[in-house]
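The structure appears right after this line, and notes come after that.
The values are calculated or read from the model by the stated rules, or taken from the named source; none is laboratory data. These numbers come from a predicted model, not from an experiment. Cβ: placed from backbone, ideal geometry, glycine included. Neighbour counts: every protein chain shown. Side chains included, ligands, DNA and RNA excluded: accessible areas come from the protein's heavy atoms. Shrake-Rupley method; radii C 1.70, N 1.55, O 1.52, S 1.80 Å.
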Amino acid sequence: MNKPLGDVNVQSLKRIKFLPHNVEVFVPAGTTVVEAADLARVEIEPTPCGRRGTCGKCLILCRDYSGSPTIVEEEKITNILLEQGWRLACQTTVVQDMIIEVPSQAAGKLIKDLLSRPIKAIEVLPSIIKYYIKVAPPTMTDQRSDWDRVESMLPDPEVQQELDLNLLRELPELVRNNNYEITVVTYKGKVISLEAGDTTSVGYGCAIDIGTTTIICSLHDLYTGQEISVASAFNPQRTYGADVLSRIDFSRKDGNLEKLQNLIVGQVNTLIEKVIESSGISCSDIYLISVVGNTTMQHLFLGLPVRYIATPPFVGTLYTGLSFNSQDLGIKINKRGKVAFLPNVAGYVGADIVAGVLATGAYNYDAPCILIDVGTNAEIVLAAHGRLYACSAAAGPAFEGANICYGMRAETGAIDQVWLEDGMLHYHVIGEVPALGLCGSGLVDVIAVLLGLGIIDSSGRLLSSEEAIPLVGEKLAESLFESDDGDEFILVKNSECQKVSLTQRDIRQVQLAKGAILAGIRIMIKEMSLNIEDIEQFNIAGSFGNVLDKKNAQAVGLIPAAIPLSKVKYAGNSAHIGAQMNLLRADTEEIVNSLVKNIKYLELSDRSDFTEEFTNAMFFADCAE
């Protein structure tokens, strides 16, 4: 398949062929390979650095390439791999016709079960209500307007009088062509559609969780609550950065905000198509979409500017939970369907954690309870005695595999578990294939194990081989090396040029992440005049929390040491559960609006005690409170 570049003369362009996709594209000389991949719609490994070349993740294999490696590539890629033709897509410029091999990304398959279901079934209180009516035809003695006679048949006198002009334009032919039998569709008391015949038994909706890394979409019957199907995919925006700050920075340039919006809208539409494929329904049968995400993700989905979220005082365009017409957003459901959003709290405390509070019922707790969603920006809520405090800790994307030397997502080839057995480290690889890297849970495990052995000291320093021998013996100490990139502990060495290791820099990244999270927890507890021992429940939300070993998480300091592990609960993907509740219950809007008004947001960066708390929380020591 060939893709020319606009109206430019193809003969003056360079032909780029991507394998194994077998897609060809023509681009001018000087174009970067990653830009060519964008044009060809070929996905290359996302770059946490936002295509600056600093992460070294976007590896490609260039066949018979005559261009010299850049300084960045020489720093990030070993000489052996450079000689084989490996380059970075964001650094390599097109100087000739090229054939480029893109390493497999497991076909975008998400290995982990990202979907969580409510502990108990959601009692349905639909916000989409349909009324089937048979209207009396007009006569010479009954010359009421078409709408007046429709309105007189509606059983609910509360139905609002606001009408879409296009509906009224269609009404005369609709009633006359269907024997004066129609269905009036309402959303929260407002007429949104008129349909031929009796369609009262048909009504579906989707609950969508837009994460920085992944998107989940589930299809539900709006009247029974039944989950019919579910689909998930990676967030396509990740190619422009692993975290929200990278994407905000990318959005500043002309046209890029629209590009990011189109990417996410396109992926949502693809997921909607997937969930209805085997269900026997059409997209016109879907009337409502319930969306949750962090503040930046919701802004990008709506095409709202996000640049001011990144700089003090970190203010977004919209926090209120509103609903919009599906057509205005380009969402391919019923042409008069609605897209509903839960509210955000602040620039870095979004609707995803609000949905989590809703799903867990934390707002109803009397005994102190913590809910934490460990992501790029860890969102933390402390609930106690009817009060709610929230903060955001800049954890960074380390636990999602980004900014880690051999980090990767939790997919095929990722080490997701590490343990000590018979004096040696053992590990499990997702997909039972040779190890390619470390995902978040594997990263926590290996640091916890090495801390327990003393190979990592309380300051986070990785010992040298000579220092480790008295502690663990020569066999295990042999895994410690000094390299050009600093000290490292090699977990796997498959060949001369393929290994998986934990580096000193990786440990520092985890210390920064867990330090920010633990500092946020300590400050909120102090602000509410509580002690850490008062916490009765510690809920970990998100897909990362689902696979986290509690004991190891506490060993590295993600869970405060003073909290008994019996009080630590996995809340699952509480954001998606909250999206389902908003989809299936009309009273959710009132509940969450009241909830958000009662949340006191703490801006950690503006507090004089944050630096001290953060510095203390970075140490592994014993994480004593």
Which value, in Å² and to the nearest 10, is the accessible area of Ser201 when all protein chains are kept and the probe is 1.4 Å?
90
Could you give log10 I(q)/I(0) at q = 0.17, 0.19, 0.31 Å⁻¹ for region 204-255, computed by the Debye formula over C-alpha point scatterers of equal weight, without solvent?
-0.61, -0.68, -1.10
Area accessible to solvent at Arg144, 1.4 Å probe radius, in Å²:
100
Considering all projection directions equally, how large on average is the shadow of the alpha-carbon convex hull of region 571-620, in square nanometres?
5.7
Region 119-141 versus region 150-177: alpha-carbon centroid distance in Å
12
Which of the three applies to the chain, rounded, prolate or oblate, going by the alpha-carbon gyration tensor with a ≥ b ≥ c and a/c under 1.5 meaning rounded?
oblate
Computed over region 520-564, the distribution of all Cα-Cα distances in 5 Å bins, rounded to whole %, is 5, 20, 28, 26, 14, 7, 1
Can you tell me the 0 to 90 degree angle between the C-alpha axis of helix 465-477 and the longest principal axis of the chain, rounded to 10?
70
Unit Cα scatterers, Debye sum, region 440-491: log10 I(q)/I(0) for q = 0.15, 0.22, 0.28 Å⁻¹
-0.37, -0.80, -1.20
Surrounding charge for Val292, neighbours by C-beta under 9 angstrom, Lys/Arg +1, Asp/Glu -1, total -2
Helix 256-277 versus the longest principal axis of the chain: what angle, 0 to 90°, nearest 10, using Cα atoms?
70
Please report the base-10 log of the normalised intensity I(q)/I(0) for region 342-400, using a Debye sum with one equal scatterer per alpha carbon and no solvent, at each q in 0.12, 0.17, 0.18, 0.29 (1/Å).
-0.26, -0.52, -0.58, -1.20
Bridge type composition, region 13-104 - antiparallel percent by DSSP, nearest 5:
75
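Quick one: with all protein chains in place, what share of the accessible area of region 439-498 is carbon or sulfur, to the nearest percent (1.4 Å probe)?
44
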Among the listed pairs Lys130/Lys188; Lys190/Lys335; Lys274/Lys335; Lys76/Lys475; Lys76/Lys259, which are separated by more than 21 Å between their Cα atoms?
Lys76/Lys475; Lys76/Lys259
Sorted by average packing, counted as other Cβ atoms within 10 angstrom per residue and highest first, what order do 193-199, 37-43 take?
37-43, 193-199
Calculate how steeply helix 574-584 sits against the longest principal axis of the alpha-carbon atoms of the chain, using the helix alpha-carbon long axis, and give the answer as 0 to 90 degrees to the nearest 10.
10
If each K or R counts +1 and each D or E counts -1, the residues other than Tyr365 whose Cβ falls under 14 Å of its Cβ total 0
Rank-order 284-291, 264-271, 438-445, 499-506 by packing density, defined as the average count of other C-beta atoms within 10 Å over each peptide's residues, highest first.
438-445, 284-291, 499-506, 264-271
Here the equivalent ellipsoid of region 296-406, derived from its Cα gyration tensor, has semi-axes (largest first, whole Å) of 26, 21, 14
Over all Cα pairs of region 128-196, the Kirkwood radius sets Rh, and Rg/Rh then becomes 0.93
Given Cα positions, please report Rg to Rh for region 13-104, the hydrodynamic radius being the Kirkwood one.
0.92
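Tally Lys/Arg at +1 and Asp/Glu at -1 over every other residue whose Cβ is under 11 Å from the Cβ of Ala579; what's the total?
Around Ala579, the surrounding residues sum to -2.
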Using a/c under 1.5 as the rounded threshold, could you call region 326-479 rounded, prolate or oblate? The axes a ≥ b ≥ c are square roots of the C-alpha gyration tensor eigenvalues, and prolate needs a/b larger than b/c, oblate otherwise.
prolate
Quick check: from the Cα gyration tensor, does region 21-71 come out rounded (a/c under 1.5), prolate or oblate?
oblate
Heavy-atom accessible area of Leu263, protein chains in place, probe 1.4 angstrom, given in Å² to nearest 10, is 50
Going from most exposed to least, what order do Glu613, Glu400 have by accessible area with a 1.4 Å probe?
Glu400, Glu613
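Note down the magnitude of the dipole of the chain about its Cα centre, charges +1 on Lys and Arg C-beta and -1 on Asp and Glu C-beta and zero elsewhere, to the nearest 20 debye.
Dipole of the chain, to the nearest 20 debye: 1120 debye.
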The whole-number value in µm²/s of the Stokes-Einstein translational diffusion coefficient for region 204-341, with Rh from the Kirkwood sum over alpha carbon pairs at 10 °C and 1.306 mPa s, is 104
Sorted by packing (mean other beta-carbon atoms within 10 Å per residue), highest first, where do 215-226, 241-252, 337-348 land?
337-348, 241-252, 215-226
